[in-house]
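Quick notes on the structure that follows.
The values are calculated or read from the model by the stated rules, or taken from the named source; none is laboratory data. Everything numeric here is computed off the predicted structure, so don't read it as measured data. Backbone-built Cβ (ideal geometry, glycine too); neighbour counts: all protein chains shown.
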Amino acid sequence: MAKFNAVVPVGQQLRARADATANFEDGLAFCLDPRTRLYTRVASALMAEKKFYEDAQQADAALLADVAAVAAADPEFVLRLAAYARQALNLRSVSVALLAEAAAIPGCKPYVRRWTPEIIRRADEPAEAIAYWVARHGMIGAQGKSGGEHAFPASLTKGIADALRRFGEYHFAKYDRPGSVTLRDVLRIVRPKPRGSAEAALHRYLVRGELDLQHLPLLAAKAQLLRKEAFDAEARELAAQSHATWEVLVSKFGSRAETWNALDFPFMAGLRNIVNIMRNGADQALDRVIAMLRDPNHVRRSRQLPFRFVAAFRAVEREIESGHPRKADATDAICAAVETSVANLPVLPGTTFVTADNSSSMDDALSGRGSLTYRDVANLLASVANAASERAITSVFGTDHEWVTIGRADSVLRNFLALEEAGHRVGGSTNAHLAIRALRERGTRVDRIVLLSDMQCYDAESRWGGESLAEELRKYRSSVNPGVYVYSVDLAGYGTSQFPTDDRRIALLAGWSERFLEFVPLFEADAIQAIDRISRWAPPGAREDAEVV
C-alpha cells in the first residue's frame, strides 16, 4: 500500500492543499499571501468600524499586522497601495492610516515623502494624519517633537509640507475646522516655508489669528459672516464669498430654507443633505443639487462610490412624503447620476453570471455613522455589472438561491431594488455554492462568473464534510464550461479567499467600487492579478483637489 503516493479522491483534492484553511463559518477557504491579504482588507476598510465577524479593534489589528508583514518584504508597496486606495478607490481614512503607519516603519521611511502628496489629497487630511499618529504614539511638540523612538518622522513632516503646497486660501477657508488637531497645529508641527506674501499671510492667520484683509479675502469674508447674528441679504453674499462649510452655517443660522438657499455647497454636501433641503422647502438649493446630479461633468468630478447615491435615494424615498411636489424630480436626478457614474465602464462580451450575497452577515452597516450595509453594496454592484454586460444572468443567495430577472434597459437603481427585494427572501446562511450548482444543473454556459460576497461561505454540511463553493466550481467546469472565468469580489476583507490563488482563471478582487469591472477585460487578456497591477500602478498627473468621500 502506498504511504506517500496515495490516490486522493477528486472531491478531497482541494481540501488536501497546503493552503487550505477554514473561514469564520468553518467553510473551506484558502490562505492569501501578505500583499493580497492587505489589499483585500484595505479595499474594504473604513477603519475603526466593526464587522459581522470582527469588532473594530480586531479588524484594525489584523490590517496593521498585514502592513508590518508586507513592509518587511516590499516596503514601498504599503505606500503605493495607500495612494491607490485614495485615488482609485476613493478611500480616505484607511489611506491616511497606512501613510502614518508606514512613517513609523524604518524600511518604509525612504518612500514616505515621495508618496505623501499622492495620499494627502484634501486640506483636512494633514490634520487627520497627525491625529492618527498622536492616537498611536502620543502627543507631538510645537516643532514636531514627541520624544523617544516614535518622534514625529521627518519624512512625514516633509511629505505633508509638500502636500500643503497644493492648497490655497479657498481650501484652508473651507477646512479650518475644530478638532483634536487643527490646521494651526499642522503648521506648527510641519512648519512649511511660505512661497510669497499671500501664503505667508495665510500661515500667519492659521497660526496666530492675524487676518490680512488684502491677501485673504475669503477668510476675511468668513470671519465677518460668523460674527453676524442674523442671516440677512448681506450674510447671503458673505456666504457665497467665504466658502464657509455648510455645517458651520447651518449650525449658526439654523436649518431653514433661507440658510440652505444661500449656501454654496459642494456635490457631496448637496447629495447628503437633499432630504434636509426638501424638508425645509429650500427650492433654490434643491434646484442647484438637482442640476449637479444631472450634470455629467459634476458627477464624474465628484468621484462618488455608487452606494453613496443609494443612501440619498433611499432617504428621499423613505423620508419625503409622497405628495411632495419635488420628490419625483429628486429621485429621477439621483437615478440619472448613478447612470452617469457608471456610463464609461467597459461592455463585458458574451454572457456574465452575477450573484450577490444577501446572507445575515451582509446586513452589517459599513459604518456606525450610516445605514448602508454590505448587502446594499453587493446588490448595487450586481446591478452595475448587469448593466455593463452584453448578456447577464443575475441572482442572489443566502440559505437559498434565487434567480432575479432584471433588464439592462432598466436603471441601475431600479434593478438594485429588485435584487434587494429578492434578497429578503433567501434566508440568512451563506450558501454560495448553491448559485454555482443552480448554474450547473441548468447546464448554462457562461463566459464569466462574478461573485460579490464577504467570502465567509458555508459548505453544504459541517466543516470539511460537504460540498464547498470551490468544489462546485470544479464540477461546473468539468461538466459545462472548463474555460469559465471567475471574479471573486471580496466586500469585507477577512483575510482568506474562497478559491485557490494559483488558478489562472480566477481573479481575486476587493472593495466597493464599480471600477473592478474595468479589470475584467484586462484579466481575460493577460491573467495578471489585481495585486500585481497595483504593484505597478503609478498615480496620474497632478490634478485639482476633488471633493471625494
Quiz item: Hey, among Ala291, Ala262, which residue is at pLDDT 95 or above and either among the aliphatic types (A, V, I, L, M) or touching a Pro at 6+ places or on another chain (Cβ under 8 Å) (or both)?
Solution: Ala291
Practice problem: Could you run through the range 281-334 and say how many residues are among the charged types (D, E, K, R) and farther than 21 Å from Asp264 by Cα? | Solution: 7
Quiz item: Within the range 362-410, can you find the residues that are more than 17 Å from Asp454 (Cα to Cα) and surrounded by fewer than 16 Cβ atoms within 10 Å (Cβ to Cβ)?
Solution: Gly368, Arg369, Gly370, Ser371, Glu390, Arg391, Trp403, Thr405, Gly407, Arg408, Ala409, Asp410
Exercise. With the condition kept exactly as written, say whether any residue in the range 183-199 is within 30 Å of Leu213 (Cβ to Cβ), surrounded by fewer than 17 Cβ atoms within 10 Å (Cβ to Cβ), hydroxyl-bearing (Ser, Thr, Tyr) and in contact with a helix residue (DSSP H, G or I) (Cβ under 7 Å, 6 or more places away or on another chain).
Key: no
Self-check item: Close pairs (7 angstrom Cβ cut-off, 6 or more residues apart or separate chains): under 24 Å from Pro482 (Cα atoms) and free of Cβ contacts under 8 Å to residues at least 12 places away in the same chain in the range 503-522, buried (at least 22 other Cβ atoms within 10 Å of the Cβ) and charged (D, E, K, R) anywhere
Solution: none
Quiz prompt | Cβ pairs under 9 Å, 6+ apart, first in the range 23-34 and of a type in the set (Asp, Glu), second not in a loop (DSSP other than H, G, I, E, B) | solution = Glu25/Ser361; Asp33/Ile531
Practice problem: With the checklist (1) without any contact (Cβ under 8 Å) to a residue 12 or more places away in the chain; (2) outside the structural domain of Asp454 (by TED's automatic domain parsing); (3) more than 19 Å from Arg294 (Cα to Cα) in hand, flag the one item Glu421 doesn't pass. | Solution: (2)
Self-check item: Residue in the range 340-356 that is touching a residue at least 60 places away in the same chain (Cβ under 8 Å), in a helix (DSSP H, G or I) and under 27 Å from Phe519 (Cβ atoms) present
Solution: yes
Self-check item: For Ala291: the one exception among (1) assigned to a helix (DSSP H, G or I); (2) out of contact with any Leu (no Cβ under 7 Å at 6 or more places or on another chain); (3) buried (at least 16 other Cβ atoms within 10 Å of the Cβ)
Solution: (3)
Exercise. Identify, from the list Asn344, Asn358, the residue that is buried (at least 17 other Cβ atoms within 10 Å of the Cβ) and among the polar types (S, T, N, Q).
Key: Asn358
Quiz prompt | In the range 200-223, the residues that are surrounded by fewer than 18 Cβ atoms within 10 Å (Cβ to Cβ) and charged (D, E, K, R) | solution = Arg204, Arg208, Glu210, Asp212
Self-check item: Selection status of Gly483, over 26 Å from the mean Cα position of the chain (by Cα), surrounded by fewer than 24 Cβ atoms within 10 Å (Cβ to Cβ) and modelled with pLDDT of 95 or more
Solution: yes
Practice problem: Would you please name the residue that is surrounded by the fewest Cβ atoms within 10 Å (Cβ to Cβ), looking only at residues in the range 252-277 that are polar (S, T, N, Q) and in a helix (DSSP H, G or I)? | Solution: Asn276
Self-check item: Qualifying positions in the range 357-403 - farther than 23 Å from Val342 by Cβ and part of a loop (DSSP other than H, G, I, E, B)
Solution: Ser359, Asp364, Gly368, Arg369, Gly398, Thr399, Asp400
Quiz item: Within the bounds of the range 459-469, is there any residue that is under 25 Å from Val94 (Cβ atoms), in contact (Cβ under 8 Å) with a residue 24 or more places away in the chain and crowded, with 22+ Cβ neighbours inside 10 Å?
Solution: no
Practice problem: For Ser44, state whether it is surrounded by fewer than 22 Cβ atoms within 10 Å (Cβ to Cβ) and either small (Gly, Ala, Ser) or in contact with a Ser or Thr (Cβ under 7 Å, 6 or more places away or on another chain) (or both). | Solution: no
Quiz prompt | Filter pass, Glu234 being surrounded by fewer than 17 Cβ atoms within 10 Å (Cβ to Cβ) and either at pLDDT below 90 or in contact with a Gly (Cβ under 8 Å, 6 or more places away or on another chain) (or both) | solution = no
Quiz prompt | When residues of the range 296-324 are limited to those that are assigned to a loop (DSSP other than H, G, I, E, B) and not β-branched (Val, Ile, Thr), the one nearest to Leu381 (Cα to Cα) | solution = Leu305
